[in-house]
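Visitor: This is the structure I want to talk about, given as structure tokens.
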Amino acid sequence: MTMTFTEPEITKELIKIHGITEAEYARICDILGREPNYTELGIFSVMWSEHCSYKNSKPILKLFPKDGANLVVKAGEENAGVVDIGDGFAIAFKIESHNHPSAVEPFQGAATGVGGIIRDIFTMGARPVVLMNSLRFGSLDKDQNKNYLRGVVGGISHYGNCIGIPTVGGEIYFDDFYEGNPLVNAFCLGILKKEDLVRAAATGVGNPVYYVGAATGRDGLGGAAFASRELTDESHEDRPAVQVGDPFMEKLLLEACLELAKSDAIVGMQDMGAAGLTCSTSETAAKGNLGVEIDLAQVPRRETGMIPYETMLSESQERMLVIAKKGKERVVEEIFEKWDLHAVKIGELKSGNLMQVFDHGKLVAQIPPKALTDEAPVYVREECEPEYLKETRAFDLSQIADAPLPSLRGVPYGTTKQSRTEIASAALGRLPRNDDEGSWNQTLLCLLDSPTIASKAWIYEQYDHMVRTDTVFLPGHDAALVRVKGMKKGIAISTDVNGLYCYLDPFEGGKIAVAEAARNVACVGAKPIAVTNCLNFGNPMKPEVFWQFHRAADGMSEACRKLGTPVTGGNVSFYNENPRGAIYPTPTIGMVGILEDIGKRVPSFFKKEGDFIYLIGTTYDELGGSQYLLTVHGLRKGMPPRLNLDFELKLQNFLQACASDRLLHSAHDLSEGGLAVALAECLFGCAGKPMGAEVNLPQSGLRIDSLLFSESQSRVLVSIAREEENSFEKKVHSSAIPFQQIGVVTRDHLKIGSWIELSSRELEQTYRQAIPRRMGE
Amino acid sequence: MKACVVVFPGSNCDSDCWHVLKDVAKSDVQFVWHKESLLPEVDLIVLPGGFSYGDYLRTGAIARFSPVMRSVEEHVRKGYPVLGICNGFQVLLEAGLLPGAMLRNRNLQFICRHVYLKTENTSSPFTNCLKHGEVLRVPIAHGEGNYFCDEQTLETLEATNRIAFRYSSETGELDEAFNPNGSLAHIAGILNEKGNVLGMMPHPERVSEAILGGEDGKKIWDSILSAVA
Amino acid sequence: MYTAKINVTLKKSILDPQGKTTLGALHSLGFDQVKSLRVGKHFVLTLDAANSEQAKGMVDEICQKLLVNPVIEEYSVELKEAVKVSE
């Protein structure tokens, strides 16, 4: 049977559908010295999309510090950054978004996001050992968002659990600004022996090019281009753009590729992720300064009648491109056969600088690979400060009474009337009446009941977070902590960003995201060493969005420089918009740190009755952008807290020094919900058996709501054994860091001054039930 | 002790079991690829957790046809101990080396958390270092651990003391509230007739070192060590 | 060539939480008329066999050996002679 297919004529309309501007088209003609054919147009369209080319973000990404001690692979060089951790080992890590596919099909979108980031890591010869994720959804009181949460968590769980890499932590926020455009950012970290590092460059003329893994179908056609457009109501019709993941296939690929990395049979590997065969072929050739020739007739297919355009652009999952050494073909083939995988030679490296694509011997595309990668267009977009900031900055805290809200007057944002009634009833021991005075007890319960703050056990208990038996801190601590078998060192990781802060002040928000992620890592006793980031923003063609992007990058860069944590890579996700507008600017940080002696780790929860509790750092009247204002008063206003980077660095060094001297029983960073929430969280180390605390706060001239709920930065709660009081206070004095001894760890009540007194059991119930209750369990 | 860990395509607790046998139980341990039809001379075979063949048809349903399974059956016939953990338990069920079958967890979700196990049998090679009623804290991590068998089989299991562990409270109380997955009679692990095959859903290899937050799992390795000594 | 459509469901006596949950969802959408629901697996096989009897025998063997776990599942088969397509 022969297929006859007439390629469509290149018309203005067709060029436009491919997202290529007139100027870009002229440039393509210039590069080729002729008009492109249909296949070539498709190739240019995906390679020059934002997702692959970073054409709108490159000038801003240059702002990030990329140099630092111990970097083996820097940002932009390979699939992921690599840092030397000593003793002959290195770590490779990266965070990447899969937002748009998850919006259309949450389960598969999230699953393939996890699959993609894992491939980025093992492609480099590193064994993936840790997964984390950073998620954003609209309010959990809406059914659509519950479905998103259920689907995304199900997808991550499906893929990560099956492939056997523990999902050890992450973060989740719920806010109307993410309605209809959830964010799914997946992080993966791998460990490798330094000599096993595999590059994605194609070197050596005559070396064969192998295709390995799943067969190619039409799934995900144009996925990269899809991720570079805004989501509209019609997006749900774009179903073909959704790929289906096969974690079992990827597990086989992973094991086979790692075996291959240890052999000396290959020169390079590249996964077929976004833009599939096109991207992997042209990028490896461009990096190796060589030409490449492939024949599509050799490509294993799952569907019949696929034309070259479709084969080149397909985003079928779990596929790899391997550049073998000439003469070692058998070694490569045997390793794949062992794992029941079929490696097919589809072409070879050529001298010169052309990528030539054949189909049954007929030339169907001929493009210089560098034209697709290094020479893709770069734009500096227009920027301007958004209007809404005038109003949010003008907010004055004195407009709000420094008193707890009466229980039911004005149902607080983010909770349903019913749930609010339940909380109030719990606090009062009876049904609330409209004339009831409010209490700070209720305010605290209301915050603990907010899904953004509440326990995430419903989520992480669906992830296998212990497989590989390296998870030393189970999810719930400030940072995830894993051991490396045979090493004294531990690896600490935190993902973080507060999108609301970035919305109200992207510069300060960007700074805080880096500083807080580093602080989380420092709280467990580790030294932050490097950063990967995933920059989720709206449409970059909107000057306001581009301004947010630029300012946030400036803030992150400043913090990364000060804290000595270079950016080793990541990705950019633009066009995160819903019909109402852009999402919060959400530059997710993945911070990695090293704990020299894992025996000196510091947990985040109180440990022993009678221990002294200290508050390190200074509290200000900083309620702008706080969860208190959002959840209790329904306000997204004010300026987020200010962050002093000099002090932050001093604090983090102090925390590491204390850990090293084994002075701390616990250390917990103060973040969303401020001191009162942080104190409550410190009680929940052991499910079903919460501890207590009795705390007195010295008069400081602050508002009561600030004392309890301000989100001032660079603050940490620590607990120490009584006998360490002197040595601890001496140490903190000599570091010139402000501190107060505020109380003691008790058995089962939380008492904060005269404002809050609640049983720990009730606090824990509220905290643990908030998400399951909304999910109908 | 000489032990081997069978690796199926999709096994993912194989290296965890290898590590615990080598570094905690201090035994001589090796991996055996599922395509091998001959097993090395060993005192213990472990079928590890994971998702053999992706668990795409039914958990363990395809793995049981692996060439290595014939040698495993042979080993069982000769009376050597075989331990199946999680997916390994599911493979043993599908292979008919243990009675019953697994259903999806009652709440239809994958569950990963620590649970409490009440020791019911203390005479097997896997449990001889435990006291009757002793409660262990061990994590589970599965989507299909809801054990089922017919009434007659259950009666036999009970009557012949072949239920090794049941899900319980911290104090050994049995109640649906402490049953994480809906398992029949709170069953977490069962033995075969001879007592030399144990299948259990919880993962003892995950709690055999203090740094991982518990050492209760060690008691199972200690039992095996004393049984094969 | 024969086409066999095989339906595998949990035995009636066994709780089917997926089915129960789906039924609950239908009821909450207002489909109260739905009285029961069981979730199952569906396999479509094409196979070479000399006659339908042989095909039926083969399908039964396949089911008993691999596709069905008789402890918890039961199955039904719909067998049809496939129309030959000239390549």
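Visitor: Name the single residue, out of those in region B:198-229 being part of a strand (DSSP E or B) and touching a Phe, Trp or Tyr at 6+ places or on another chain (Cβ under 9 Å), that is nearest to the other protein chains (Cβ to nearest Cβ).
Guide: B:G199
Visitor: Additional query: Which of (1) in a loop (DSSP other than H, G, I, E, B); (2) open to solvent by 10 Å² or more (accessible area, probe 1.4 Å); (3) out of contact with any Pro (no Cβ under 9 Å at 6 or more places or on another chain); (4) not β-branched (V, I, T) is the odd one out, the single condition A:M124 does not satisfy?
Guide: Going through (1) in a loop (DSSP other than H, G, I, E, B); (2) open to solvent by 10 Å² or more (accessible area, probe 1.4 Å); (3) out of contact with any Pro (no Cβ under 9 Å at 6 or more places or on another chain); (4) not β-branched (V, I, T) one by one, A:M124 breaks only (2).
Visitor: Of all residues in region B:8-41, how many are within 23 Å of B:D222 (Cα to Cα) and modelled with pLDDT of 95 or more?
Guide: 20
Visitor: Moving to a separate point now. Can you tell me how many residues in region A:244-278 are away from chain B (no Cβ under 14 Å), under 23 Å from the mean Cα position of the chain (by Cα) and open to solvent by 10 Å² or more (accessible area, probe 1.4 Å)?
Guide: 3
Visitor: Looking at this structure, is B:I85 without any contact (Cβ under 8 Å) to a residue 12 or more places away in the chain and within 14 Å of chain A (Cβ to nearest Cβ)?
Guide: Spelling it out, it is not the case that B:I85 is without any contact (Cβ under 8 Å) to a residue 12 or more places away in the chain and within 14 Å of chain A (Cβ to nearest Cβ).
Visitor: Working only within region A:134-156, note down all residues that are open to solvent by 10 Å² or more (accessible area, probe 1.4 Å) and either within 10 Å of chain B (Cβ to nearest Cβ) or charged (D, E, K, R) (or both).
Guide: A:D141, A:K142, A:D143, A:K146, A:R150, A:G154
Visitor: Next question. Just to be sure before I move on: is B:N161 surrounded by 24 or more Cβ atoms within 10 Å (Cβ to Cβ) and more than 14 Å from the chain's Cα centre (by Cα) in the structure I sent?
Guide: Judged against the criteria, B:N161 is not a match.
Visitor: For the structure I just gave you, tell me whether B:V82 is over 14 Å from the mean Cα position of the chain (by Cα) and of a type outside the set (D, E, K, R).
Guide: The answer is no for B:V82.
Visitor: When you look at A:G68, is it closer than 29 Å to A:V378 by Cβ, at pLDDT below 95 and open to solvent by less than 30 Å² (accessible area, probe 1.4 Å), yes or no?
Guide: no
Visitor: Of C:V59, C:V44, C:V39, which residue is open to solvent by 40 Å² or more (accessible area, probe 1.4 Å), more than 11 Å from chain B (Cβ to nearest Cβ), touching a residue at least 12 places away in the same chain (Cβ under 8 Å) and hydrophobic (A, V, I, L, M, F, W, C)?
Guide: The match here is C:V44.
Visitor: Select from region B:25-54 the residues that are open to solvent by 30 Å² or more (accessible area, probe 1.4 Å) and within 10 Å of chain A (Cβ to nearest Cβ) and write down the one among them that is nearest to C:L67 (Cα to Cα).
Guide: B:Y53
Visitor: I'm told B:G96 meets every condition in (1) open to solvent by less than 10 Å² (accessible area, probe 1.4 Å); (2) within 12 Å of another protein chain (Cβ to nearest Cβ) except one. Can you identify the failing condition by its number?
Guide: (1)
Visitor: Related question: Please count how many residues of region A:158-179 are within 13 Å of chain B (Cβ to nearest Cβ) and open to solvent by less than 10 Å² (accessible area, probe 1.4 Å).
Guide: Of the residues in region A:158-179, 10 are within 13 Å of chain B (Cβ to nearest Cβ) and open to solvent by less than 10 Å² (accessible area, probe 1.4 Å).
Visitor: Separate question: I'd like the residue in region B:15-24 that is open to solvent by 10 Å² or more (accessible area, probe 1.4 Å) and more than 9 Å from chain A (Cβ to nearest Cβ) and, out of all such residues, is farthest from B:D43 (Cα to Cα).
Guide: Restricting to residues being open to solvent by 10 Å² or more (accessible area, probe 1.4 Å) and more than 9 Å from chain A (Cβ to nearest Cβ), the top hit is B:V24.
Visitor: Identify the single condition in (1) open to solvent by 20 Å² or more (accessible area, probe 1.4 Å); (2) within 22 Å of A:A215 (Cβ to Cβ) that A:G347 does not satisfy, given that it satisfies every other one.
Guide: Answer for A:G347: the failing condition is (1).
Visitor: Can you pull out every residue in region B:126-154 that is away from every other protein chain (no Cβ under 14 Å) and open to solvent by 30 Å² or more (accessible area, probe 1.4 Å)?
Guide: Passing the criteria: B:N128, B:C129, B:K131, B:H132, B:E134, B:V135.
Visitor: Determine, yes or no, whether B:S66 is surrounded by 20 or more Cβ atoms within 10 Å (Cβ to Cβ) and out of contact with any strand residue (DSSP E or B) (no Cβ under 7 Å at 6 or more places or on another chain).
Guide: yes
Visitor: Please work out which residue is most open to solvent (accessible area, probe 1.4 Å), limiting yourself to region C:62-87 and to residues that are within 27 Å of C:K12 (Cα to Cα) and part of a loop (DSSP other than H, G, I, E, B).
Guide: C:P70
Visitor: What is the number of the single condition among (1) part of a loop (DSSP other than H, G, I, E, B); (2) in contact with an Asp or Glu (Cβ under 8 Å, 6 or more places away or on another chain) that A:G525 does not meet?
Guide: (2)
Visitor: OK, next. Report yes if some residue within region C:63-75 is within 29 Å of B:F148 (Cβ to Cβ) and away from chain B (no Cβ under 14 Å); otherwise report no.
Guide: no
Visitor: Scanning region A:682-739 for residues that are without any contact (Cβ under 8 Å) to a residue 40 or more places away in the chain and of a type in the set (D, E, K, R), which turns out least open to solvent (accessible area, probe 1.4 Å)?
Guide: Ranking the candidates gives A:E729 first.
Visitor: Then there's this: Which condition breaks for A:L535 when tested against (1) modelled with pLDDT of 95 or more; (2) closer than 30 Å to A:E777 by Cβ?
Guide: Status for A:L535: all satisfied but (2).
Visitor: Quick check on my filter: what residues within region A:454-479 are more than 14 Å from every other protein chain (Cβ to nearest Cβ) and either open to solvent by 10 Å² or more (accessible area, probe 1.4 Å) or in a strand (DSSP E or B) (or both)?
Guide: A:D478
Visitor: If you take the residues in region A:180-205 that are open to solvent by 10 Å² or more (accessible area, probe 1.4 Å) and part of a strand (DSSP E or B), which one is farthest from A:K325 (Cα to Cα)?
Guide: The extreme case among them is A:I191.
The values are calculated or read from the model by the stated rules, or taken from the named source; none is laboratory data. Worth saying up front: this structure is predicted, and the values here are computed from it rather than measured. Cβ atoms come from the backbone with ideal geometry, glycine included; neighbour counts cover every protein chain shown. When the accessible area is computed, the model is the full protein with side chains, heavy atoms only, and any ligands, DNA or RNA have been set aside. Shrake-Rupley method; radii C 1.70, N 1.55, O 1.52, S 1.80 Å.
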